[in-house]
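Please treat every number below as a calculation from the coordinates, not as lab data. Predicted model only: the values in this text are computed from it and were never measured. Backbone-built Cβ (ideal geometry, glycine too); neighbour counts: all protein chains shown.
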Amino acid sequence: MQKVQTILKAHHVVGLLDYSIQFEPPTKTHKARYQITSVTRNETAIEQHQQDFGWRVYVSNSSTQCLSFEQAVLIYRDEWIVEHGFHRFKGKSLGAHPMFVKRDDQVQGLMHLLSLGLRLLSLIDCVVHRQLVDTQASLTGLYPENPKKSTTKPRTERLLKAFDNITLTYFEMEGRSYQHISPLTPLQEKIIQLLGFSPRIYTDLICKPG
C-alpha cells in the first residue's frame, strides 16, 4: 500500500484512481506478494478536481466594504512592488544593515527614517512612470552600458545617478563671491520636468555676484 501511495503522489492522482489488489500466498517457488489486478478512473473525483483547476485562494484582513474581491486580486498581483521595497531596504539604496545601537528606540527611529526614504523613492518611481505613460514618451540615456536603451519605468536610483556629474563651484575674488553650477543636460532637464518642476529649481541655486 505504501508503494501504491508513493506512485499516486508522484503523479498527483491521489483519490482520482480506484484499484484492486490481489494477494498471492507464498509457495515453494516464490514468496508472498501483492499484485494490482485493475485500475479504474474515479470519474466523480476527476470531475470535481477539474472544476478546481485555475482557482486560487486569497485571504485578507480587510472587509469587503474597504476592499472588493477584484481589488484584492489586483493588489496581490502587485505584491512584487512591496518586495522591491524590501529589497531597497536591504540594498545600497537605504542600507538597513545591522549597526551598533544601544536602545530599541534608536532602532525604531532609524527604521522610521529609512521608511520615509523608501516612500520618497517609491513616489518618484510612480510620478515619473505616470508622466511618461501620459505623454507616451520614454527616457533614454539612463544606462551607460547601453546608451540607446529606453524605458518607461525608470527607477529612482537610475534617475539620481544621472545627476552624478553636477558640481557647484564657489569662490571669492576682491571681496566679491562667485558661484557656478554645471549646466543641465537634456536628460537632466527632462527628469526635472517629469517630476513636475521647472529647471529653474536648479539654476536658481546660484546667487548673483555680491
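Overview of results
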| read-out | value |
| --- | --- |
| Gaussian network model of the chain, Cα within-10 Å springs - most flexible of His30, His12, His180 | His30 |
| Farthest positive-ward along the chain dipole, Cα basis, beta-carbon charges - from Ser38, Thr151, Leu184 | Ser38 |
| Candidates Glu172, Glu157, Glu83, ranked by Gaussian network fluctuation over the chain, Cα under 10 Å, top entry | Glu172 |
| Mean separation of Cα contacts under 8 Å (6+ apart) over length of the chain, as relative contact order % | 10 |
| D_trans [Stokes-Einstein, Kirkwood Rh over alpha-carbon pairs] for the stretch 162-203, 20 °C, 1.002 mPa s, µm² s⁻¹ | 183 |
| Dipole of the chain [Lys/Arg +1, Asp/Glu -1 at C-beta], most positive-end residue of Gln106, Leu74, Gly15 | Gly15 |
| For the stretch 8-55: rounded, prolate or oblate by the Cα gyration tensor [a/c cutoff 1.5] | prolate |
| Reciprocal mean inverse distance between Cα atoms of the stretch 1-125 - Kirkwood radius, Å | 21.3 |
| Footprinting exposure proxy for Arg56, Arg88, Arg158 (fewest neighbouring C-beta atoms within 10 Å first) | Arg56, Arg158, Arg88 |
| Size-normalised alpha-carbon gyration radius of the chain, reference 2.2 N^0.38 Å | 1.93 |
| At 0.692 mPa s and 37 °C, Stokes D of the stretch 128-202 from Kirkwood alpha-carbon radius, µm² per second | 234 |
| Cross-link partners of Lys161 among aspartates and glutamates (Cα-Cα below 19 Å; sequence separation of 8 or more within a chain) | Asp125, Glu145, Glu189 |
| Within the stretch 152-189, chymotrypsin sites (Phe, Trp or Tyr not before Pro) in DSSP loop having at most 16 other beta-carbon neighbours inside 10 Å | Phe163 |
| Length-normalised contact order of the stretch 162-203 in % [C-alpha pairs under 8 Å, at least 6 apart] | 30 |
| Inter-centroid distance (Cα atoms) of the stretch 129-153 relative to the stretch 46-71, Å | 37 |
| Cα-based equivalent ellipsoid, the stretch 69-151: semi-axes from gyration tensor eigenvalues, Å | 30, 20, 11 |
| Listed residues Ser182, Ser198, Ser38, most fluctuating in the chain (Gaussian network, C-alpha, under 10 Å) | Ser38 |
